[in-house]
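**Q** First, the structure itself, so that you have it in front of you.
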Amino acid sequence: MIKLLKKIITLVLIIAIGLCAFTVYEGYNIYKEVTEQTPIEEKVKEIKAQRHYTRYEDLSKTYIDAVIAAVSDEKNIVEKERKIDKVREEQAWELASFDFFNINFILSYLVRVNIIARWMLLLPEAGREMLNRLMRDLDAKELVKKQ
């Protein structure tokens, strides 16, 4: 009985190693195919040439620290994305707060709308929650009541 169990375990290990080797081989073939079409250096240049590309040096230290703090202990990739977008949203709102009559407020609003549109595609319920929050933020009833 023990010999049979050892043979089964050995067979399972051989199959697992074989599947791992096959996956690595296929992944490497895909990598080679993609990098032959567009070398990595060329792709990096292409990305850096895009109009909306931002260099690390151009990001504010506050923003970088906020993003790192938000995602440093998070394992779930969706939650990481949500936390990063929350930082982006807060930064956009902070840059335009109490600036209701200039371009900063409009750009801040567009950043927030783009984040919401992205989340409507990723997780519609999260996107709707963000949209409701944006609408509450834009509602001036509370400000009028305080006046």
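**Q** What ranking do Leu95, Leu13 get, fewest neighbouring Cβ atoms within 10 angstrom at the top?
**A** Going from least to most buried by this count: Leu13, Leu95.
**Q** Label Arg51 and Ser97 with points 7 Å out from Cα along Cα→Cβ: what is the distance between them in nm?
**A** Distance between label points: 3.1 nm.
**Q** Continuing with the same structure: So which chymotrypsin sites (Phe, Trp or Tyr not before Pro) in region 66-126 are both in a DSSP loop and have at most 12 other Cβ atoms within 10 Å of their Cβ? Each step should come with its number before you reach the end.
**A** Details: sites: Trp93, Phe98, Phe100, Phe101, Phe105, Tyr109, Trp119; in loops: Phe98, Phe100, Phe101.
For chymotrypsin sites (Phe, Trp or Tyr not before Pro) across region 66-126 that sit outside H, G, I, E and B with at most 12 neighbouring Cβ atoms in 10 Å, the list reads Phe98, Phe100, Phe101.
**Q** Just to confirm the filter: which trypsin sites (Lys or Arg not before Pro) across region 1-100 are DSSP coil and have at most 14 other Cβ within 10 angstrom of their Cβ? Numbers along the way, then the final one.
**A** Values: sites: Lys3, Lys6, Lys7, Lys32, Lys43, Lys45, Lys48, Arg51, Arg55, Lys61, Lys75, Lys80, Arg82, Lys83, Lys86, Arg88; in loops: Arg51, Arg55, Lys75.
Here the sparse-neighbourhood loop sites are Arg51, Arg55, Lys75.
**Q** Quick check: convex hull over the Cα atoms of region 34-73, volume per residue in Å³, rounded to an integer?
**A** Values: hull volume 4.1 nm³, N = 40.
Taking only Cα atoms, region 34-73 has a hull volume of 103 Å³ per residue.
**Q** Under 20 Å Cα-Cα from Lys80, which aspartates and glutamates qualify once same-chain neighbours fewer than 8 residues away are excluded?
**A** Of all the aspartates and glutamates, those that pass the test against Lys80 - Cα under 20 Å, at least 8 places apart if same chain - are Asp65, Glu89, Glu90, Glu125, Glu129.
**Q** Same structure, new question: Given C-alpha coordinates of the chain, what is the ratio Rg to Rh with the Kirkwood estimate of Rh? Please list the in-between numbers first.
**A** Working: Rg = 24.6 Å, Rh = 20.3 Å.
That ratio is 1.21, to two decimals.
**Q** Related question: Could you tally the net charge around Thr62, taking each other residue with its Cβ under 14 Å from the Cβ of Thr62, Lys/Arg +1 and Asp/Glu -1?
**A** For residues surrounding Thr62, the net value is -2.
**Q** While we're on this one: Sort Ile2, Ile8 so that the residue with the fewest other Cβ atoms within 10 Å of its own Cβ comes first and the one with the most comes last. The partial results should precede the final answer.
**A** On the way: Ile2 6, Ile8 10.
Ordered by Cβ neighbours within 10 Å, fewest first: Ile2, Ile8.
FYI, it's all coordinate maths here, none of it is from the lab. Bear in mind the structure is a predicted one, so any value in this text is a computation, not a measurement. Glycine also receives a Cβ, built like all others from the backbone with ideal geometry; neighbour counts cover every protein chain displayed.
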